[in-house]
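As structure tokens, the structure follows; a few thoughts come after it.
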Amino acid sequence: MATPENHEDPNERPPVIGPEHDEGQGPRRRDFLNIAAVAFAGVGGAAVLIPLVNQMNPSADVLALASIEVDISKIESGSGIKVSWRKQPVFVRNLTPKEIAEADAVPVSSLRDPETLEQRTKPGHKNWLITLGVCTHLGCVPLGISPEENRGPYGGYFCPCHGSQYDTAARIRGGPAPKNLFVPEYAFKSPTTVQIG
Amino acid sequence: MSFPWAEHYAPKHPLMRYLDEKLPLPRLVYNAVGAGYPVPRNLNYFWNFGVLAGFALTIQIVTGIILAMHYAANGTVAFDSVEHIMRDVNSGWMLRYMHANGASFFFIVVYMHIFRGLYYGSYKAPREMVWLLGVVIFLLMMATAFMGYVLPWGQMSFWGAQVITGFFSAIPVVGEPIRQWLLGGFAPDNAALNRFFSLHYLLPFVIAAVIILHIWALHIPGSNNPTGVDVKGPQDTVPFHPYYTAKDGMGLGVFLICYSLVVFFAPNALGHPDNYIPANPLTTPAHIVPEWYFWPFYAILRAFTVNFLWIPAKLWGVVAMFSAIALLFFLPWIDRSPIRSANYRPMYRIAFWVLVADVLVLGWVGKSPAEEPYVRIGQFCAAYYFFHFLILVPLIAKFEKPLPLPNSITEAVLGHDPEAAPAVA
């Protein structure tokens, strides 16, 4: 065994400075290198995760399905149509005066998700109830857009899958759903045309 | 993992000796399912189901790899590609029916395997890790089965994807963004179909890996047995091969007969006719039901119909459903009774059978429409499910007076232990 004082073998490397040589002298250079290397690798690893996670988000072509125009001139009072927007159904319903009165008669404070019909429609178009046709419970399409379908005890929409009941303003009134049917962004382009999205 | 009375592997042929030095695979097999793994001599047919589950997974992987050669994971053609498999691909109909019904049979044998574990206390020390890994396998199976069911892109597939990913929208605040991230869109579509296909192909191999851990963890303490009494010596065991390879072979034969009967004579009995309607994002089927093996959990999900304690019913339902499974992770510590087998636990045995009945009723409720009286029955049975695990099992462990245990497995089998010292001269 060669000692530091006895360097005769040219292949002999100088002894590695181990912890026993600098114990009690505060942080070593190796500590700094360890922390710096791990931190650098950690940041790099985390940065790689971002695209791996982000690729799962809706892609540009999915997001590009922005808006549709709907002709509502043929929808009779008391009836409605189902249109496809962002691959999801949208209910466009022409409420009867009776249905509007029923919706207005409900004290808002008694609702699970308190909103008035006024807040859920556009000014001057209170008979046009436009909502996403997606049950806020687990995403089924409720029945009731056509008058022949089961509209449930509150005369709006009814989801037979899990029993959610919506009133004539598409507000949740019974069953497991937590929210009213969602009102998407829309605007009246003319008295007979609505742009959704 | 070698037991003191396990026979040691001694290769005789020079080639086997060479192999044992370089890559001791024969030794591994010998120690896993040969004389190197001594098994209690009294295992009954309920101990077949582990092997059957492994066999069912093999069927699924083999048929699945073949089906993937013909299937197209694209929303516009997925449904048609499944019909192509059914009509045009040689033997395609058989492979698809084997795969679809294979999933059902996988769940049948796994449920038997789980309830075997519950009855005979296989989840208790020293086998807690075996049980935990088993619950992990069960969760992976559920995820895999769900994503596989989505792939044919029929009405039930589509709406199953909509409803199951809807669970995530129950999470406060971030729920809806998480759902959109999972689906890659606002509703199930191509992006979701593609990633489900990718994961449906991947997860079975993850399951296979966890099964290896499950068996590894089992072979350290060794197999449990119907008495729940520990192995005391070599007289209590027999070598795995030929004794249990033969017994498992018998069970496998019965399994294959039942499986073939369904595949060839009633291949659609366990499916839902609505899945032969192509997916339509604008119309929900009148009655959405999952596959039969999810019915009990679906019933627990639907048991919550009103908001209470400031938490919406939707979140309660989802939390309850996941808790019903997560609960099983804690079972080894919930049940403090030192006795394993229900054969010697008179009170636990009754509670066990009531639980079985409760789960069966939950299943019946889960397949029934969401109306009275099913809602009320489902609520009662869901409450009982949690009552059983959280209250009944700990209380029984405390107050039950167990029956006298046999001194050894051999004594339980023969009525006396010929090699034990006579207790009375």
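The values are calculated or read from the model by the stated rules, or taken from the named source; none is laboratory data. Keep in mind that what you see is a predicted model, and the values were worked out from it rather than measured. Ideal geometry is used to build each Cβ from the backbone, glycine not excepted, and the neighbour counts take in all protein chains shown. All accessible areas refer to the heavy atoms of the entire protein, side chains included, with ligands and DNA or RNA removed. Shrake-Rupley method; radii C 1.70, N 1.55, O 1.52, S 1.80 Å.
Starting from the Cα of residue B:44, move 7 Å in the Cα-to-Cβ direction to define the label point; list residues of the range B:249-268 whose amide nitrogen is under 19 Å from there. Only B:249-252, B:254-255 fall inside the zone, counting backbone N under 19 Å.
Rounded to two decimals, what is the ratio between the C-alpha radius of gyration of chain B and 2.2 N^0.38 Å? Could the numbers behind the result be given before it?
On the way: Rg = 24.0 Å, N = 425, 2.2 N^0.38 = 21.9 Å.
Normalised Cα radius of gyration, chain B: 1.10.
Short to long, the 5 Å bins of the Cα pair-distance histogram for the range A:93-197 hold 2, 13, 25, 25, 20, 10, 3, 0 percent of all pairs. When chain A is treated as a Gaussian network with alpha carbon springs shorter than 10 Å, the biggest mean-square fluctuation among A:29, A:93, A:171 belongs to A:29.
Quick one: compute the contact order of chain B, relative version, from alpha carbon pairs under 8 angstrom and 6+ residues apart, as a percent. So the answer I get is 22 percent. Projected label points at residue A:28 and residue A:54, each 7 Å from Cα along the beta carbon direction, are separated by 4.0 nanometres.
In this structure, the amide hydrogen of residue A:84, modeled 1.01 Å from its nitrogen in the peptide plane, lies closer than 5 angstrom to those of A:90, counting only residues at least 5 positions away or on a different chain. Highest-first packing order for the peptide set A:134-144, B:218-228 is A:134-144, B:218-228, based on the mean count of other beta carbon atoms within 10 Å. Of the three principal axes defined by the Cα atoms of the range B:159-310, the extents in descending order read 65, 45, 33 Å. Placing dummy labels 7 Å off each Cα toward the beta-carbon, the span from residue B:28 to residue A:81 is 6.5 nm. For chain A, the longest principal axis of the Cα atoms and the long axis of helix A:29-54 meet at an angle of about 20 degrees.
Of the DSSP H helices in chain B, those with a Cα length along their own long axis of 15 Å or more and a mean Kyte-Doolittle hydropathy reaching 0.0 comprise B:49-68, B:92-120, B:128-150, B:155-166, B:190-219, B:240-265, B:313-334, B:346-367, B:374-387.
Taking amide H as placed 1.01 Å from N in the peptide plane, the amide H of residue A:193 sits under 5 Å from that of A:72, each at least 5 places away or on another chain. Residues within the reach of a label modelled at residue B:215 (point 7 angstrom out along Cα to beta-carbon, backbone nitrogen below 19 Å), restricted to the range B:59-79, are B:59-63.
Computed from the Cβ-Cβ distance with R0 of 25 Å, the FRET efficiency linking residue B:414 to residue B:7 stands at 0.65.
For each pair in A:179/B:314; A:122/A:189; A:122/B:314; A:179/B:367; B:124/B:398; A:87/A:189, compute the distance between the two Cα atoms and list the pairs where it is over 19 Å. Write out the running numbers ahead of the final one.
Numbers: A:179/B:314 10 Å; A:122/A:189 12 Å; A:122/B:314 30 Å; A:179/B:367 26 Å; B:124/B:398 16 Å; A:87/A:189 22 Å.
Check vs 19 Å cut-off fails for A:122/B:314; A:179/B:367; A:87/A:189.
Let me know the Kirkwood hydrodynamic radius for the range B:146-209, please, with Cα pairs as the basis and the value in Å to one decimal.
Details: mean 1/r = 0.0825 Å⁻¹.
Final number for the Kirkwood radius of the range B:146-209 is 12.1 Å.
For the protein assembly as shown, the per residue solvent-accessible surface stands at 51 Å², with DNA, RNA and ligands left out and a 1.4 Å probe. Inter-part distance, the range B:147-178 to the range A:21-81, computed on C-alpha centroids, equals 21 Å.
Normalised by the number of residues in chain A, what is the relative contact order in percent for Cα pairs under 8 Å and 6+ residues apart?
Details: 287 pairs, mean separation 33.9, N = 197.
With pairs under 8 Å counted, the relative contact order is 17 percent.
Remark: chain B carries a charge dipole of roughly 520 debye about the Cα centre, counting +1 on each Lys and Arg Cβ and -1 on each Asp and Glu Cβ.
Based on the Kirkwood radius over alpha-carbon pairs, what value in µm²/s does the Stokes-Einstein equation return for the translational diffusion coefficient of the protein assembly as shown at 4 °C and 1.567 mPa s? Answer from the Stokes-Einstein relation: 45 µm²/s.
Lys and Arg at +1, Asp and Glu at -1: add these up for the other residues within a Cβ distance under 13 Å of residue A:134 and post the number. Neighbour charge sum, excluding residue A:134 itself: +4. Straight-line reach from residue B:22: taking Cα to Cα under 23 Å and skipping same-chain neighbours fewer than 8 places apart, the lysines in range are B:12. Counted by Cβ distance under 13 Å from residue A:166, the other residues give a net charge of +1, where Lys and Arg count +1 and Asp and Glu count -1. Across the range B:292-358, the relative contact order, built from alpha-carbon pairs under 8 Å that are at least six residues apart, equals 20 percent.
If r is the Cβ-Cβ distance from residue A:182 to residue A:43 and R0 is 41 Å, what FRET efficiency results, to the nearest 0.05?
That gives a FRET efficiency of 0.55.
The alpha-carbon positions of chain A define a convex hull whose volume is 258 Å³ per residue.
Placing +1 on the Cβ of every Lys and Arg and -1 on the Cβ of every Asp and Glu, with nothing else charged, gives the range B:194-326 a dipole about its Cα centre of roughly 260 debye.
When B:16, B:147, B:69 are compared by accessible area of protein heavy atoms, the largest-first order is B:69, B:16, B:147, using a 1.4 Å probe.
Here the range A:36-134 is assigned +1 on the Cβ of each Lys and Arg and -1 on the Cβ of each Asp and Glu. Its dipole about the Cα centre then comes out at about 140 debye.
Taking each DSSP H run with n ≥ 4 as -39500 (n - 2.57) and averaging over every residue of chain B yields -20000 deg cm²/dmol at 222 nm.
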